[in-house]
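Only one structure is covered here, and it is reproduced in the block below.
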Amino acid sequence: MMNENILTCRNLSKNYAHLSALSGINMNIPRGRIIGLLGPNGSGKTTFMKIANGLIVPSEGELLIGGHRPGPETKKIVSFLPATDYLPSWMSVENLVRFFSDFFGDFNAEKADGMLKRLDIDTRARLKTLSKGTKEKVQLILAMSREAQLYLLDEPIGGVDPAARDYILNTIITNYNEDASVIISTHLIADVEKVLDDVIFIQNGQIQLCRPVDEIREQEGKSVDAYFREVFRC
Amino acid sequence: MEWNFDNQRPIYTQLAEMIRMCIISGIYQPGSRLPSVRELANEASVNPNTMQKALAELERTGLIYAVRTSGRFVTEDEEKIASARRSLAEGEVEKFLRKMKDLGIGRDEVIELIRRSETGGKEETVRTSDVSVSDGTQETA
């Protein structure tokens, strides 16, 4: 049987010289949830994502995915969408689809083709000729076309127009399966709120709260977006 | 159907209300099978877990019931639907009367207004478009 939590952090900390980017994070992410990782700029969201993907290592504590530390085992089951451009820009979209097919055993090329068509993306175009928003769509489509157990999406919809944003969020919930979880870091809370199960508020490298969206609405009488603005008022 | 949500209340509560409305208004007929959780969640662009919760809420009130392996159905008990309709109507009337009270309109005047609107006695039927085109001078909204 698969363990209940797809991701576990124990006393997870990351320091850069004198700066503490994450300090003492303890949390469990169950399977079958869509979770928003929300926090002001510089709160540690991307640091968390990088640790979960093995791009950097923790200074203290550990992060486990499916019981393993980030490495080849976890990369098989984690689909990561970084916040920055990371794909070779000289490649065409169709080449990237092939590249992903070769690279990831769980990549569903049919799904990718379907989404690319739906969003009217010219698959013969090279990545570098695409607009910022279209490039983001391509990267997100590639990430969501894997049949992964954990999707880590760092700022996935920032540059995407509202209509495509709706389509992409729909794609996320259509892909939903009860063994997989999705963690989305974003500032566009109002847009993602209705697709989330839970939200995690993070600030100064520490978790401020972790609650279901409907619980916040029920108990605070306001949307998560409004609540975020209140908690993190500048 | 439009699935719009307000910002104050839990999403599952609002989903349950919308589906209840569909049942009361006959979009979902008594005894008919509801779309699956996944279909409904996709249609409303919400998380399937949230939709699940909304349906559980409706099951609790008896407006829908689940049949193992074959899905969820609208109740065949028309009395139950009628009573849901009534309590919804009562709630709406109460809301309306509260608003009228805030406006300082008394009971008799309310009744008079309702009667007049029923007989089609409207003073103003011409609606101008909300969009206006300015003539050259830029107006920033």
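The values are calculated or read from the model by the stated rules, or taken from the named source; none is laboratory data. Remember, it's a predicted structure, so these values are computed and weren't measured experimentally. Glycine gets a Cβ as well: all are built from the backbone with ideal geometry, and neighbour counts include every protein chain shown.
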Some residue of segment A:69-79 being under 24 Å from A:Val192 (Cα atoms) and buried (at least 21 other Cβ atoms within 10 Å of the Cβ): yes
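Residues checked against (1) of a type outside the set (Phe, Trp, Tyr); (2) part of a loop (DSSP other than H, G, I, E, B); (3) under 30 Å from A:Arg126 (Cα atoms):
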| position | (1), (2), (3) |
| --- | --- |
| A:Thr8 | yes, no, no |
| A:Ser13 | yes, no, no |
| A:Gly42 | yes, yes, no |
| A:Val57 | yes, yes, no |
| A:Ser79 | yes, no, yes |
| A:Leu87 | yes, yes, yes |
Test for A:Pro70: is it in contact with a Gly (Cβ under 7 Å, 6 or more places away or on another chain) and modelled with pLDDT of 95 or more: yes
Residue that is touching a residue at least 12 places away in the same chain (Cβ under 8 Å) and surrounded by fewer than 16 Cβ atoms within 10 Å (Cβ to Cβ), where the choices are A:Gly158, A:Gly221: A:Gly158
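Please go through segment B:20-45 and pick out each residue that is basic (Lys, Arg), surrounded by fewer than 17 Cβ atoms within 10 Å (Cβ to Cβ) and over 19 Å from A:Val192 (Cα atoms). Step through it out loud before you land on a result.
Just the residues of segment B:20-45 that are basic (Lys, Arg), to begin with: B:20, B:33, B:38.
This time we only want the ones that are surrounded by fewer than 17 Cβ atoms within 10 Å (Cβ to Cβ), so: B:33, B:38.
Hit for segment B:20-45 is B:Arg33, nothing else.
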Subset of segment A:180-212 that is without any contact (Cβ under 8 Å) to a residue 60 or more places away in the chain and within 25 Å of B:Arg38 (Cα to Cα) - its residue that is nearest to the other protein chains (Cβ to nearest Cβ): A:Lys194
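Being out of contact with any Lys or Arg (no Cβ under 6 Å at 6 or more places or on another chain) and either away from every other protein chain (no Cβ under 14 Å) or exposed (fewer than 15 other Cβ atoms within 10 Å of the Cβ) (or both) narrows it down to one of A:Leu22, A:Leu12, so name that one.
Working: A:Leu22 fails: out of contact with any Lys or Arg (no Cβ under 6 Å at 6 or more places or on another chain).
Answer to the selection: A:Leu12.
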Residue match in segment A:143-152 (condition: more than 10 Å from the chain's Cα centre (by Cα) and polar (S, T, N, Q)): yes
Index of the failed condition, A:Ile51 passing every other in (1) in contact with a strand residue (DSSP E or B) (Cβ under 9 Å, 6 or more places away or on another chain); (2) part of a loop (DSSP other than H, G, I, E, B): (2)
